[in-house]
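The values are calculated or read from the model by the stated rules, or taken from the named source; none is laboratory data. Worth saying up front: this structure is predicted, and the values here are computed from it rather than measured. All Cβ positions, even for glycine, are placed from backbone atoms using ideal geometry, and neighbour counts span all protein chains on display. When the accessible area is computed, the model is the full protein with side chains, heavy atoms only, and any ligands, DNA or RNA have been set aside. Shrake-Rupley method; radii C 1.70, N 1.55, O 1.52, S 1.80 Å.
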Amino acid sequence: MNIPRILDGKSVAAAVLDECRAEVAALAEKGIVPGLAVVLVGEDPASQVYVGSKTRTCAELGFHSRKIELPAATTQDELLKVVRDLNADPAIHGILVQSPPPAHIDEEAVIRAIDPRKDVDGFHPENVAKLALEDPTGFVPCTPAGCMKLLEVAGISTQGAEAVVIGRSMIVGKPMALLLVSKKSNATVTIAHSRSKDLPAICRRADIVVAAVGRPEMVKADWVKPGAVVIDVGINRVEDASKKSGYRLTGDVAYAEVAPLCSAITPVPGGVGPMTIAMLMKNTLQAARQLG
Ligand code: NAD
């Protein structure tokens, strides 16, 4: 029986955070304390969890962190002012506005208002361009950067591999595809999305499948070529009366049936999720280094 390798995001993230600690110490000698500001508008429960773990990780690493919680009724202008103030604040090297904001906020305009040198989420058009140009001074979005790190640490080569990325968002799918097709990674990449025809057949070609859709257990066993590597980015809350919270987390991959076929797979939770925060810390250190 094939026993797949479980790509343990928790331990890889812990190793990345250890590297970060060493860099915090090196920056301290130059009198620099990396600073991250996280702005949360409204009371989305999942966003509150994410923001909480980001600020906790900052504290663990010795970063300066600022959590700015704004009411759901905050206007676009008020939010833009907060961003501009953070742009001008020398103690802050990284700024992120937790997504999704309330519907009346123009998220794109907010992202464009962030100083690209402090855009540690890597969503500003200048950083999107730098990713496409393979310019290392840009910030790579944290989740796809975390997926690449997981592959690298596991020793999984992407060179010449057939990769299928399901999902074309600017947060995960598109940057993931750019990273895989880069001159460093050299994969042959297909980006599939909600209008793709015969997704199972597209998926079956892949040596590496990255699922970033937001549909619980969409990728089934007969979508996956035996021996493929499966990276499950999805985090879906599924009702579960047996849990105290009333829900459980599941990925975009039907793990129980897919895992036995794979050479390696990420679990949910404990796969890509922890990597995202670790890469955010790395990006904040990069910003602190570059801003000086
Ligand atoms: P999104 O909603 O912005 O994008 C989803 C993409 O999936 C779209 O491009 C769409 O075309 C595609 N899609 C939708 N239905 C499809 C279908 N039936 N077949 C094929 N493609 C389909 O979502 P996102 O922000 O990219 O996030 C995707 C998932 O990853 C979500 O579950 C999200 O919670 C999770 N996520 C996890 C992390 C993490 O840290 N692990 C970070 C970001 C997002």
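List of remarks:
- Test: residue 235 is over 21 Å from residue 139 (Cβ atoms), within 18 Å of the chain's Cα centre (by Cα), modelled with pLDDT of 95 or more and surrounded by fewer than 24 Cβ atoms within 10 Å (Cβ to Cβ): yes
- Hits in segment 222-264 - residues which are part of a helix (DSSP H, G or I) and of a type in the set (D, E, K, R): 222, 257
- The set of residues in segment 260-292 being open to solvent by 10 Å² or more (accessible area, probe 1.4 Å), of a type in the set (A, V, I, L, M, F, W, C) and more than 27 Å from residue 66 (Cα to Cα) consists of 261, 268.
- Matching entry among 212, 206 (being at pLDDT 95 or above and either farther than 21 Å from residue 107 by Cβ or of a type in the set (D, E, K, R) (or both)): 206
- Residue in segment 71-79 that is surrounded by 14 or more Cβ atoms within 10 Å (Cβ to Cβ) and outside any helix (DSSP H, G or I) present: yes
Quick grid of which residues meet (1) farther than 25 Å from residue 123 by Cα; (2) away from the ligand (no atom under 11 Å from the Cβ):
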{"site": "235", "(1), (2)": "no, no"}
{"site": "246", "(1), (2)": "yes, yes"}
{"site": "261", "(1), (2)": "yes, yes"}
{"site": "265", "(1), (2)": "yes, yes"}
{"site": "280", "(1), (2)": "no, no"}
{"site": "284", "(1), (2)": "no, yes"}
{"site": "289", "(1), (2)": "no, yes"}
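- Residue ranges of helices (runs of 4 or more DSSP H) in segment 95-197 with at least 2 members within 11 Å of the ligand (Cβ to nearest atom): 142-153, 173-181
- Of everything in segment 267-278 that is in contact (Cβ under 8 Å) with a residue 40 or more places away in the chain and not hydrophobic (A, V, I, L, M, F, W, C), the residue that is nearest to residue 122 (Cα to Cα) is 276.
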